[in-house]
Amino acid sequence: MQSMNRRKFLGVVGAGAGTAFVTAAGAASVVSLATNANTLRFHARTGAPAKPWPAYATAVVDGSVDLAAGTGTVVTRYLAGQPSSPSDIAFPGMTRVVKITKAVSSGSEVRMEGVVEDRSSLAPGESARVHLVLDRAARTLRSSVGGSDATLSVQ
């Protein structure tokens, strides 16, 4: 087996945009949804890097959106360890806090737009603008971040 140093590993885990959505395409994931009154909360967890590689890290997405106000917060981060038993240790520079500035609910879909709050955490050429579509009926979360489209399956 070929050895991999920490810097190279973080490059593989980051995969360009450095968000959970980018590495989630085609990977097994765990997502939970909860809606009470006008607040939508979601949690997603998937292995990183994506298949066929073994998961050495866990990409985690947590969000809370006020559907009445159209605002909220989404946090993406990478934790050391596999999705079945991630640690509490986050990889440095891999956390993104996204301020949701617009959330519109139409049928089962919630379309969200936001901005990464700390732009110093972005990779070169990565946009601070984030677009998310949560489809509660299809149980999917889609995103276009850093020029890459990805879909997170809800199980």
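Scan region 113-132 and give yes if some residue there is modelled with pLDDT under 90, of a type outside the set (S, T, Y) and under 19 Å from T46 (Cβ atoms), otherwise no.
For region 113-132, residues modelled with pLDDT under 90, of a type outside the set (S, T, Y) and under 19 Å from T46 (Cβ atoms): present.
Which residues, taken from region 72-128, are under 27 Å from P54 (Cβ atoms), of a type outside the set (A, V, I, L, M) and surrounded by fewer than 13 Cβ atoms within 10 Å (Cβ to Cβ)?
S84, S85, S87, D88, P92
Can you name every residue in region 46-59 that is assigned to a strand (DSSP E or B) and either at positive phi or at pLDDT below 80 (or both)?
T46, G47, A48, A59
Looking only at region 35-71, which residues are surrounded by fewer than 21 Cβ atoms within 10 Å (Cβ to Cβ) and either among the basic types (K, R) or within 23 Å of D88 (Cα to Cα) (or both)?
Across region 35-71, the qualifying residues are R41, H43, P49, A50, K51, W53, P54, Y56, D62, S64.
Checking the conditions here, which among S87, S64, S108 is within 20 Å of R139 (Cα to Cα) and more than 15 Å from the chain's Cα centre (by Cα)?
Working: S87 fails: within 20 Å of R139 (Cα to Cα); S64 fails: more than 15 Å from the chain's Cα centre (by Cα).
That would be S108, the only listed residue that is within 20 Å of R139 (Cα to Cα) and more than 15 Å from the chain's Cα centre (by Cα).
Just to check your reading of the model, which residue among T35, T71, T101 is among the β-branched types (V, I, T) and either more than 23 Å from S127 (Cα to Cα) or modelled with pLDDT under 85 (or both)?
Numbers: T71 fails: either more than 23 Å from S127 (Cα to Cα) or modelled with pLDDT under 85 (or both); T101 fails: either more than 23 Å from S127 (Cα to Cα) or modelled with pLDDT under 85 (or both).
Step by step, each of T35, T71, T101 is checked, and only T35 is among the β-branched types (V, I, T) and either more than 23 Å from S127 (Cα to Cα) or modelled with pLDDT under 85 (or both).
The values are calculated or read from the model by the stated rules, or taken from the named source; none is laboratory data. Remember, it's a predicted structure, so these values are computed and weren't measured experimentally. All Cβ positions, glycine included, derive from the backbone under ideal geometry; neighbour counts span all protein chains shown.
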